[in-house]
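These notes concern the structure reproduced below.
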Amino acid sequence: MEQPNLNYIDEIADGDIEFKDELIQTLINEFEQENKKIRSLIKNKNYLEASQLVHKIKHKISLLNMENSDYIAKEFENNLKQEKEELNLEFTSILDNIV
């Protein structure tokens, strides 16, 4: 499975270790919350809200230079807009991996 890459975050932090640590901790906290929420939304078949959340999450995935995961997120977002759960397991596995 693709692993998060912190190169882009390192660039943003520009040597500021405290900023980098805060950014990473914020991302982890948000991924944990969003992981729980996406599972609940799918379980309750709230596909529109789930697609909006995936849209938000995919931007964070791109911060971690996870190109394949970003592609899966985009496809999953489109599936949800069509009320399809295909790629749900793959997407939640990505979130688990990040956390």
Query raised in the report: What does the accessible area per residue of the range 30-99 come to in Å², with a 1.4 Å probe and no ligands, DNA or RNA counted?
Result: 56 Å²
**Report entry** Relative contact order for the chain, counting Cα pairs under 8 Å that sit 6 or more residues apart, in percent
**Finding:** 36 percent
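The values are calculated or read from the model by the stated rules, or taken from the named source; none is laboratory data. Note that the coordinates shown come from a computational prediction; the quantities given were computed from them, not determined experimentally. Side chains included, ligands, DNA and RNA excluded: accessible areas come from the protein's heavy atoms. Shrake-Rupley method; radii C 1.70, N 1.55, O 1.52, S 1.80 Å.
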